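Right, one structure below, let's go through it.
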Amino acid sequence: MADVAAHAEEPEDRTASALHDVRPGSLLVSSIELVEPTFRRTVIYIIEHNDAGSLGVVINRPSETAVQNVLPDWSELAAKPRALYVGGPVKRDSALCLATLRTGASIDGVAGLRRVDGRVVMVDLDSDPADIEPYVEGVRIFAGYSGWTFGQLEGELDREDWIVLSALASDVIGPPRVDLWAQVLRRQPMPLALLASHPIDVERN
């Protein structure tokens, strides 16, 4: 997948747990009981959700690889830390790109950009970055993605592996060195916000 990829108005965050609340623009925040290393303390941004299944990217797992080393033409547009992010375990050899639109930007008729939700768009990496730059605040490029076949995500939600929340456009290209998992939970109503203080390593506490 060489393409893929967001707040005129930011949505109010809300809590949800049922599958019908999952939609493009939702966040899947891993529960404290989900300790499998691939998804422990992860935040997944949902790009597609339909009868065929669901697709998203982990937005809080920067890798040690610089965008400059993989897709140098996109390095200047990449949000800091300008690293390739690990989007998930599926097709790690493919690159997906999300971007946040500048406030008020219209992408009607703009080739290479497809709206996901609000100010978040998918970017076709075969596009010329110079054509994309006027419309976006920055891009985030992901190696691989996270995917579920029909019914698979529903089963994980039934097990309470994930907390379904609304995303803010700023979540997608947020600043480096921020614990996004805790930040997203902290802005939720009580008692959900209490989970933000859950220790990273329980055995050390």
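Some notes on this structure:
- Cβ-based charge dipole, the stretch 102-193, positive-most Cα from GLN183, GLY144, LEU157: GLN183
- All other residues whose Cβ lies under 13 angstrom from that of TYR85 are scored, Lys and Arg at +1 and Asp and Glu at -1, for a net of +3.
- Helix content alone sets the calculated 222 nm mean residue ellipticity of the chain: runs of n ≥ 4 DSSP H residues at -39500 (n - 2.57) each, divided across all residues, give -2500 deg cm²/dmol.
- Whole-number D in µm²/s for the stretch 118-180 (Stokes-Einstein; Kirkwood sum over Cα pairs; 10 °C, 1.306 mPa s): 107
- Accessible surface calculations at 1.4 Å, restricted to protein heavy atoms, place the chain at 50 Å² per residue.
- Using θ = phi - 60° in the Karplus curve 6.51 cos²θ - 1.76 cosθ + 1.60, the 3J(HN,Hα) couplings for the stretch 124-140 round to 7, 6, 7, 6, 7, x, 5, 7, 8, 3, x, 9, 10, 7, x, 10, 10 Hz; x is entered for Gly and Pro.
- Protection proxy ranking, peptides 46-52, 98-104, average beta carbon neighbours within 10 Å, highest first: 98-104, 46-52
- Accessible surface ranking that places the most exposed of MET122, MET190 first, with a 1.4 angstrom probe: MET190, MET122
- Calculated SAXS-style log₁₀ I(q)/I(0) at q = 0.12, 0.17, 0.19 Å⁻¹ - the stretch 87-205, Debye, Cα scatterers: -0.60, -1.08, -1.21
- Over 33 Å [Cα-Cα, the chain], rounded percent: 11
- Difference of contour (0.36 nm per residue) and Cα-Cα distance, VAL90 to MET190: 32.6 nm
- nm² value of the averaged projected area, convex hull over the Cα atoms of the stretch 97-154: 5.0
- Dividing the radius of gyration of the alpha carbons in the stretch 27-84 by their Kirkwood radius gives 1.07 for Rg/Rh.
- Neighbourhood net charge (13 Å Cβ-Cβ; Lys/Arg +1, Asp/Glu -1) for GLY138: +1
- Projecting the alpha carbon convex hull of the stretch 41-137 along each direction and taking the average yields 7.1 nm².
- Placing unit charges on the Cβ atoms only, positive for Lys and Arg and negative for Asp and Glu, gives the chain a dipole magnitude near 520 debye about its Cα centre.
The values are calculated or read from the model by the stated rules, or taken from the named source; none is laboratory data. Quick caveat, the model's predicted, so the values are computed rather than measured. Positions of Cβ are backbone-derived with ideal geometry, glycine not excepted, and every protein chain shown enters the neighbour counts. Surface accessibility is based on the protein's heavy atoms, side chains included, excluding ligands, DNA and RNA. Shrake-Rupley method; radii C 1.70, N 1.55, O 1.52, S 1.80 Å.
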